[in-house]
1. In the set 77, 58, which member is at pLDDT below 95 and surrounded by 11 or more Cβ atoms within 10 Å (Cβ to Cβ)?
């Protein structure tokens, strides 16, 4: 049988078919890789166009941010922060004990933010004036002359 195939050139045709099949399979693999690369690039481009909040939300990650800080012009000691957050941040706060199902998201975030501010005060020891030291301007002037 091999002799007949060789005499008629069928063995060469079969070898060419095997090589063509391998080339076709390799081309299909490269096509799939290119499609996956293109899809990934498109997803990254779309993510880059999103706001940080939308990007985190799409990734199902917690996000909170300060949108604006408002200070009372008549009394600088009064003001507030305008916050924004996503549902995953609220879920994280619930898991950490700041709220339960049925609580309004604003109340849950407010509990967290109040505790955060209180911790900043405690950690910063803002119970009174902070002694930051004194700069001896005369010594600085002498060194620079």
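1. On the way: 77 fails: surrounded by 11 or more Cβ atoms within 10 Å (Cβ to Cβ).
Within the list 77, 58, the selection yields 58.
Residue by residue, here is whether (1) surrounded by 10 or more Cβ atoms within 10 Å (Cβ to Cβ); (2) not in a strand (DSSP E or B) holds:
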| residue | (1), (2) |
| --- | --- |
| 47 | yes, yes |
| 53 | yes, yes |
| 65 | yes, no |
| 73 | no, yes |
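The values are calculated or read from the model by the stated rules, or taken from the named source; none is laboratory data. This structure is a prediction, so every number in the text was calculated from the model and none was measured. Every residue, glycine among them, receives a Cβ derived from its backbone with ideal geometry; neighbour counts consider all protein chains shown.
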